[in-house]
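*Asks:* Can you keep this structure in mind? I'll have questions shortly.
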Amino acid sequence: DLERAMVERLPETAQLDYKRQLPSNNLALAVDVAAMANEGGVLVFGVAEDDAHLPAELVPIRGLQTACERIDQIVAQRLSGPPSVRFWPIRIADGA
């Protein structure tokens, strides 16, 4: 699905949001997750957008396991009735 989104340059919607990296601010991350939880949706980290907010390139996230643990902790601590969060790490050619 990610490859299709990149090739077809699928725009962001209420159910799909691209992020170049995880926000350094925990509250901002909680807000992003809560926004997707309202209607059900997908946050895609590691995708840079162009000026038209379309996916432009993959930006590998180092320390993926740590990032997933951080998201789990923030969701549990910051969101009441925490939504279910699932992770689909995707390995790319350079091993990131």
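*Asks:* Assuming I92 fulfils every condition listed in (1) among the β-branched types (V, I, T); (2) outside any helix (DSSP H, G or I); (3) open to solvent by less than 50 Å² (accessible area, probe 1.4 Å) apart from one, which condition is it?
*Replies:* (3)
*Asks:* Something else: Which residue, of L22, L29, is within 11 Å of the chain's Cα centre (by Cα) and not in a loop (DSSP other than H, G, I, E, B)?
*Replies:* Details: L22 fails: not in a loop (DSSP other than H, G, I, E, B).
Going through L22, L29 in turn, the sole match is L29.
*Asks:* Considering every residue within segment 24-32, establish whether at least one is free of Cβ contacts under 8 Å to residues at least 40 places away in the same chain and among the polar types (S, T, N, Q).
*Replies:* Within segment 24-32, the subset free of Cβ contacts under 8 Å to residues at least 40 places away in the same chain is 24-25, 28, 31-32.
Pick out the ones that are also among the polar types (S, T, N, Q) and you get 24-25.
Yes, some residue in segment 24-32 is free of Cβ contacts under 8 Å to residues at least 40 places away in the same chain and among the polar types (S, T, N, Q).
*Asks:* Kindly indicate the residue of segment 13-52 that is of a type in the set (D, E) and surrounded by 14 or more Cβ atoms within 10 Å (Cβ to Cβ) and also nearest to I74 (Cα to Cα) among those meeting that condition.
*Replies:* First pass over segment 13-52, keeping only residues of a type in the set (D, E): 17, 32, 39, 49-51.
Checking the rest, the ones that are also surrounded by 14 or more Cβ atoms within 10 Å (Cβ to Cβ) come to 17, 32, 49.
Details: D17: 18, D32: 11, E49: 25 Å.
Among residues in segment 13-52 that are of a type in the set (D, E) and surrounded by 14 or more Cβ atoms within 10 Å (Cβ to Cβ), the one nearest to I74 (Cα to Cα) is D32.
*Asks:* Taking segment 60-69 as the region of interest, how many residues are within 14 Å of R20 (Cα to Cα), open to solvent by 90 Å² or more (accessible area, probe 1.4 Å) and in a helix (DSSP H, G or I)? Steps first, answer last, please.
*Replies:* First, pick out the residues of segment 60-69 that are within 14 Å of R20 (Cα to Cα): 60-62, 64, 67.
Right, trim to open to solvent by 90 Å² or more (accessible area, probe 1.4 Å) and you get 62.
Next, from what is left, pick out any that are in a helix (DSSP H, G or I): none.
Adding up the residues that qualify gives 0.
*Asks:* For segment 70-89, check the following and say yes or no: at least one residue is modelled with pLDDT under 90, farther than 25 Å from V7 by Cβ and assigned to a helix (DSSP H, G or I).
*Replies:* No: segment 70-89 contains no residue that is modelled with pLDDT under 90, farther than 25 Å from V7 by Cβ and assigned to a helix (DSSP H, G or I).
*Asks:* Test E57 against the criterion of being under 16 Å from M6 (Cα atoms), out of contact with any Leu (no Cβ under 8 Å at 6 or more places or on another chain), open to solvent by 60 Å² or more (accessible area, probe 1.4 Å) and modelled with pLDDT of 90 or more, and give yes or no. Talk me through it step by step, then tell me what you get.
*Replies:* On the way: under 16 Å from M6 (Cα atoms): yes; out of contact with any Leu (no Cβ under 8 Å at 6 or more places or on another chain): yes; open to solvent by 60 Å² or more (accessible area, probe 1.4 Å): yes; modelled with pLDDT of 90 or more: yes.
Yes.
The values are calculated or read from the model by the stated rules, or taken from the named source; none is laboratory data. Note that the coordinates shown come from a computational prediction; the quantities given were computed from them, not determined experimentally. In this analysis, Cβ positions are derived from the backbone assuming ideal geometry, glycine residues included, and neighbour counts consider all displayed protein chains. The protein model used for the area step is the full one, side chains on, heavy atoms only, and it has no ligands, DNA or RNA in it. Shrake-Rupley method; radii C 1.70, N 1.55, O 1.52, S 1.80 Å.
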